[in-house]
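Please treat every number below as a calculation from the coordinates, not as lab data. Values in this document were obtained by computation on a predicted structure and should not be read as measured data. Cβ sites come from the backbone with ideal geometry, for glycine too, and all protein chains shown count toward neighbours.
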Amino acid sequence: MKKNELFEVEITDLNNLGNGVCRIEGKAVFVPRAVDGDILRVKIIKDAKDYAVARIVEVLTPSPHRQESGCAVSNRCGGCVYRHITYAHETELKRNYVRSAFRKAGVKVEVAPTLSGSESGYRNKVQYPVGEGMTVGFYAPRSHDIIPCGDCALQKSIFTPIIATLQTLLGEAGVKPYREEDGSGLVRHLFLRASQSGEVMVTLVTTSRPFPAAGKIAEKLRAAHPRVVSVVRNYNDLRSNVILGDRCETLSGADVLTDTLCGLTFNLSPLSFYQVNHNMAEVLYRKAAELAELRAGDRIADLFCGAGTIGLSVAAMYPDISLIGVEIIPEAVENAKENARLNGIENATFICGDANAAELTGADVIFLDPPRKGCEESLVKEIAAIHPRRVVYISCNPDTLARDVARFAEVGYAPGVVYPVDLFPRTGHVESVVCLKRQIQQ
């Protein structure tokens, strides 16, 4: 193949990055925004040793799964990689993605159909990078070029006017956006989170440079948008891609945002982990509780517990169990303790520490919800050493989930059915939950 050479191809697969896959002269060729079943005329734009990349010149015969994206920036934004396909097909692709991850890891499992809900307006949190002229939007794929977009179809509609007001207020105050190139400027990201009741917490992620207008901007924003109940400044001086720093200061209103999940009340700080899709998080947590098959008197460990959402929802359903949660972020641990108090749950304890390094005591059932990198192998061995009856593993990364399930299998824990849960419609991400049952009596 040569660069700019044209070919007529049939797309036979679609990966989780939104790239169609075909083969030309035996080589895998990736075609952005193609759909499996498309017949296309494509132009080669990159020919590497083991693969090539092409762009669509003409759709000769569209796939039955193809649809209009309905978004003006989806072809340039790095977010909705599946917006150009039907949602029914997307859920099947995600099921196949999970299947493929386990197949590659050498683990035989049954993968259930993807549990799914609404495909738009589901995000209760947005984190907008800020660029020149107070431009907000999302990064283009494989770059830090901001594609302007203040009204993404995935987010809660209440965010759009708040973002517009913030842009105006920051611009009028002469606030400069942060520049990655030299570390100058002040405002890095605008971070908004909404509750089910429609209340909003706004966090201005800034460097630690003086920001004398911060208080007035916060007050003007809340006056213009009464649903904004909290405006917080987060300090981040790191020269990295990390969005939030570890220090927050409340500028106006409450220190936390209050939300309800699985019938419980939760207080959330900007640093608290909380699922972005409220309704599907409830589906996920109820499935996790079902798989745990808890018994009276069970001792439960909730590792990587965040603000305690999973463990507390289970503890509320089973008041005769005891729960211990472990989380490395101090603010999230304090949120978890407060959330237990808010809901009158007395059978839960939360400690601050690294779940991967926690010295676990006896537990009958363990809930795991680690970050994308999964669990350290040492944690798998430590869990096996205390012989829990079941381990319920929630994961946002099928590849590390499959790897860790293989590790658990080596120490006597067999997986049941894997349930994909679509907490991130139109994107390439999928959550999964599986129960690992102890098979070997120690």
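Can you pull out the chymotrypsin sites (Phe, Trp or Tyr not before Pro) in the stretch 79-183 that DSSP calls coil and that have at most 10 other Cβ atoms within 10 Å? The qualifying sites: there are none. Remark: the stretch 25-31, residue by residue, has Karplus-estimated 3J(HN,Hα) of 6, x, 9, 5, 10, 9, 10 Hz, where x stands for each Gly or Pro and the curve is 6.51 cos²θ - 1.76 cosθ + 1.60 at θ = phi - 60°. Think of each Lys and Arg Cβ as +1 and each Asp and Glu Cβ as -1; about the Cα centre, that makes the dipole of the chain roughly 780 debye.
Between Asp50 and Ala296, the distance separating the two model label sites (each 7 Å from Cα on the Cα→Cβ line) works out to 5.7 nm. Hey, what D do you get for the stretch 184-341 in µm²/s if you plug the Kirkwood alpha-carbon radius into Stokes-Einstein at 20 °C and 1.002 mPa s? It diffuses with D of about 126 µm²/s by this estimate.
Backbone amide hydrogens, once placed in the peptide plane, bring Arg247 within less than 5 Å of Tyr235, excluding anything fewer than 5 places away on its chain.
Centre-to-centre, using Cα atoms only, the stretch 318-379 and the stretch 385-406 are separated by 16 Å. Selection among Leu271, Ile324, His225 by position relative to the dipole of the stretch 208-327 gives His225 as farthest towards the positive end (Cβ unit charges, Cα centre). For Ile45, the amide hydrogen comes within under 5 Å of the amide hydrogens of Asn4, Val53, Ala54, Arg55, counting only partners 5 or more places away or on other chains and with H modelled in the peptide plane. Can you figure out the FRET efficiency of Ala164 with Cys352, using R₀ = 45 Å and their beta-carbon distance, to the nearest 0.05? For R0 = 45 Å, the calculated efficiency reads 0.70. Here the stretch 108-153 and the stretch 1-40 have alpha carbon centers that stand 25 Å from each other. Whole-Hz Karplus values for the stretch 405-421 come out as 4, 4, 5, 5, 4, 5, 10, x, 10, 9, x, x, 5, 8, 10, x, 10 Hz, taken residue by residue from phi with 6.51 cos²θ - 1.76 cosθ + 1.60 and θ = phi - 60°; glycine and proline positions read x. For the stretch 301-442, the Kirkwood radius over C-alpha pairs fed into Stokes-Einstein at 37 °C and 0.692 mPa s yields D = 212 µm² per second. You can think of it this way: the chain between Glu132 and Ile386 has 86.0 nm of extra reach, that is 0.36 nm per residue less the Cα-Cα gap.
Of all lysines in the structure, the ones whose alpha carbon falls short of 27 Å from that of Lys2, not counting any fewer than 8 places away in one chain, are Lys27, Lys43, Lys46, Lys49.
Computed over the stretch 19-93, the percent of Cα pairs more than 21 Å apart is 28. Determine, at each q value in 0.08, 0.10, 0.12 (inverse angstroms), the log₁₀ of I(q)/I(0) that the Debye formula gives when each Cα of the chain is one equal point scatterer. So the normalised log intensities are -0.52, -0.80, -1.11. Between Ser208 and Glu110, the distance separating the two model label sites (each 7 Å from Cα on the Cα→Cβ line) works out to 5.6 nm.
The GNM of the chain, with springs linking C-alpha atoms under 10 angstrom apart, assigns the highest mean-square fluctuation among Ser118, Ser197, Ser143 to Ser143.
In summary, the lysines within cross-link reach of Lys337, defined as a Cα separation below 23 angstrom excluding same-chain residues under 8 places away, comprise Lys125.
For Cα pairs less than 8 Å apart in space and 6+ apart in sequence, what is the mean separation divided by the residue count of the chain, i.e. the relative contact order in percent?
13
Across the options Thr309, Phe159, Gln196, the greatest Cα extent toward the positive end of the charge dipole of the chain (unit charges at beta carbon of Lys, Arg, Asp, Glu) belongs to Phe159.
Tell me which GluC sites (Glu not before Pro) from the stretch 32-105 have a DSSP coil assignment and no more than 16 other beta carbons within 10 Å of their own. Could the numbers behind the result be given before it?
Details: sites: Glu58, Glu68, Glu90, Glu92; in loops: Glu68.
For GluC sites (Glu not before Pro) across the stretch 32-105 that sit outside H, G, I, E and B with at most 16 neighbouring Cβ atoms in 10 Å, the list reads Glu68.
Straight Cα distances below 24 angstrom link Lys437 to the lysines Lys104, Lys108, Lys287, Lys373, Lys381, with same-chain residues fewer than 8 positions distant left out.
Scan the stretch 1-93 for trypsin sites (Lys or Arg not before Pro) in coil per DSSP, keeping those whose Cβ has at most 15 other Cβ atoms within 10 Å, and list them by number. Listed in order of number, the matching sites are Lys2, Lys3, Lys49, Arg76. Ranking Ala363, Leu379, Leu401 by how far each Cα lies toward the positive end of the dipole of the stretch 336-416 (charges on Cβ) leaves Leu401 at the top. The Kirkwood radius of the stretch 129-200, taken over pairs of alpha-carbon atoms, gives through the Stokes-Einstein law at 20 °C and 1.002 mPa s a diffusion coefficient of 163 µm² s⁻¹.
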